[in-house]
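Here is the structure we will look at, set down as structure tokens.
The values are calculated or read from the model by the stated rules, or taken from the named source; none is laboratory data. The shown structure was predicted, so the numbers you read here are calculated from the model rather than taken from an experiment. Here the Cβ positions follow ideal geometry from the backbone for every residue, glycine too, while neighbour counts run over all protein chains shown.
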Amino acid sequence: MVQYPVSLKKYFLLYAKTVFLTFFLITFFAHGYAMCNLVGNNDTMGIISGNAGAGTSSGRWFLDILVKVCQILLGDVYFLPWFNLLIGLFLITCSAFLVLYLFQIESKIMIIFITALMIVFPATTSMALYGYTFHFNMFSLFLAVCSVIFCLKATIPSRFLSVFLLALSLGIYQAYLPFACSILALFWIKSVSGNPSCKTVIRSILLDSITVLSGLVLYFILTKSFCTLFHTSLSSYKGINQMTAIPSLGKLFLSAAYSYGILFILPVKNLYGISAFPVLRIFITIYYLFAILTAIYLYKKTAKSLSNKLLLTLLFALIPPLANLMFFMVGADKDSVYTAMLYGLVTIFLFVPLFFPQESVKASTKCILCITISSIIFLWSWFSNGVYMASHHIIEQNITVWNRIIAEVESLEGYHSQMPLHIIGDHPCFPSVIESYDDFHHLVSLHYVCDWSLPHFLKNYLGWEKSFSSASSVPHDLPVYPNQGSIAIIDDTVVIRFE
């Protein structure tokens, strides 16, 4: 059982002010634009109120339950940027506080860094674009961290509670299991470096691993039960219906390669929006150097026995696969992974603030570290504002263009409101948008309104409800929009050609 030198109550009294002041400052600097404007992604086109996206069919049965509870208590759920994002970011802050308490971090500068990194990490920005479900998903993160806290208490009742909380977390969104596993691994590293008894640590690792696996098993059992209860089946989208399938050795190897490859690529290339700017990649490289120095310090701190050193090496090797566990969860299909699903990767950037030996380094070295982490936080925050601005402007441009298209349709000779609509191609071409915001394409869909979201967009954003059908014959020489003649009435159907 873990013994904490400072109790939760005392730790709250000592450091809660620092944590929550950081929350207020960083939240409004990094995410204030999104809280004050309508930003979103493809899925937001169809969701204004009434639900929070895919539920039980995506293995997210607890999300369905939460939505139903909100509907009973509040009448409905809404996509309210200021409310959804503020609640969600507050839950991230609560999660950060529990991580800080778990590692008993006492340095206020490191407390600020860890809290800020968890708030501004690009996966948070990506998830904020799905604002209608952001607060629910951050509740999933909070439950995952609570699961870790109870797991490490190491009593039988607390482990049962840990299993239950982890299952609930997965029942909202599966992407925060990697974060929970990575935090556990970081705690094991702390235990190895500070405990001369390797056997004691190994025993804890085995019991903690069994607890996590039990949470997964309970989640799969509950998923099956709720699918039966709600008379639905798991969707094939992103391979969700294959969650319990055992991957082949080839897929495991690819997943491991991706998990390590990300770390090597970040300093040289923009990947998932995490290393978007050249100057950011420079600071990430410097951060890696500090991570190596921190690892060397932990090796020196660890007992000299070979078993302890080997165990510490194994745990270091486990961090990248655990942080990028999503690649294993989707069966090495990297195309199924997007930035919002990679929140576990933030633990790579928490490693140095959690373990850096501030007392045993020169003031100049400590100053360079503070500048490096501060710069990463600032640049991620700056990038977030660019993402939100791009999202907002693209939505506005879609509204403008489609209002223009609607005006042209309604001015066609012989047009009547009951005519169905036939679209050739997914969307109008917006070259100015692509040129202006291509730096953000990792997080922002430059074409928000695609074929499946178009009916929702026209109805929810423009108040123009149309039925869609196929035209029996379309002339081969029909021009491409916005050229004259690209919108026409053919066989009593409005036809628009975009490609």
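All but one of (1) closer than 20 Å to N84 by Cα; (2) at pLDDT 95 or above hold for Y132; state the number of the condition that does not hold.
With respect to (1) closer than 20 Å to N84 by Cα; (2) at pLDDT 95 or above, Y132 is out only on (2).
Which is touching a His at 6+ places or on another chain (Cβ under 8 Å) and not hydrophobic (A, V, I, L, M, F, W, C), of T155, T133, T200, T125?
On the way: T155 fails: touching a His at 6+ places or on another chain (Cβ under 8 Å); T133 fails: touching a His at 6+ places or on another chain (Cβ under 8 Å); T200 fails: touching a His at 6+ places or on another chain (Cβ under 8 Å).
The match here is T125.
Of all residues being under 21 Å from the mean Cα position of the chain (by Cα) and assigned to a loop (DSSP other than H, G, I, E, B) in the stretch 230-264, which is modelled with the highest pLDDT? Just the residue, please.
Restricting to residues being under 21 Å from the mean Cα position of the chain (by Cα) and assigned to a loop (DSSP other than H, G, I, E, B), the top hit is S235.
Looking only at the stretch 446-499, which residues are of a type in the set (A, V, I, L, M) and in a loop (DSSP other than H, G, I, E, B)?
At the first step, the residues of the stretch 446-499 found to be of a type in the set (A, V, I, L, M) are 446, 449, 454, 458, 462, 471, 474, 478, 480, 487-490, 494-496.
Passing the criteria: L446, V449, L462, A471, V474, L478, V480.
From the list I286, I376, pick out the single residue that is crowded, with 19+ Cβ neighbours inside 10 Å and touching a Leu at 6+ places or on another chain (Cβ under 9 Å). Steps first, please.
Values: I286 fails: crowded, with 19+ Cβ neighbours inside 10 Å.
Testing whether each residue is crowded, with 19+ Cβ neighbours inside 10 Å and touching a Leu at 6+ places or on another chain (Cβ under 9 Å) leaves just I376.
Quick one: which of I424, I496 is modelled with pLDDT of 80 or more and surrounded by 17 or more Cβ atoms within 10 Å (Cβ to Cβ)?
Values: I424 fails: surrounded by 17 or more Cβ atoms within 10 Å (Cβ to Cβ).
On inspection, the qualifying residue turns out to be I496.
Could you list all residues from the stretch 312-341 that are hydrophobic (A, V, I, L, M, F, W, C), crowded, with 19+ Cβ neighbours inside 10 Å and either over 16 Å from A257 (Cβ atoms) or at pLDDT below 90 (or both)?
Passing the criteria: L312, L315, M326, F327, F328, M329, V330, A332, V337, A340, M341.
Here are some conditions: (1) buried (at least 17 other Cβ atoms within 10 Å of the Cβ); (2) modelled with pLDDT of 85 or more; (3) of a type outside the set (D, E, K, R); (4) over 20 Å from Q397 (Cα atoms). A471 meets all but one. Which one does it not meet?
Condition (2) is where A471 drops out.
Could you tell me whether the stretch 408-425 includes any residue that is within 27 Å of the chain's Cα centre (by Cα) and closer than 30 Å to M341 by Cα?
As a first pass, look at the stretch 408-425 and keep what is within 27 Å of the chain's Cα centre (by Cα): none.
No, because not a single residue in the stretch 408-425 is within 27 Å of the chain's Cα centre (by Cα) and closer than 30 Å to M341 by Cα.
Let's see how each residue does on (1) in contact (Cβ under 8 Å) with a residue 12 or more places away in the chain; (2) among the β-branched types (V, I, T):
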{"position": "S248", "(1), (2)": "no, no"}
{"position": "A256", "(1), (2)": "yes, no"}
{"position": "F283", "(1), (2)": "yes, no"}
{"position": "A291", "(1), (2)": "yes, no"}
{"position": "I296", "(1), (2)": "no, yes"}
{"position": "A317", "(1), (2)": "no, no"}
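For a quick check of your reading: which helices (runs of 4 or more DSSP H) sit entirely within the stretch 35-147 and have at least 1 residues that are closer than 22 Å to P353 by Cα and not hydrophobic (A, V, I, L, M, F, W, C)?
Working: elements: 61-74, 81-103, 108-120, 122-128.
Those helices (runs of 4 or more DSSP H) span 81-103, 108-120, 122-128.
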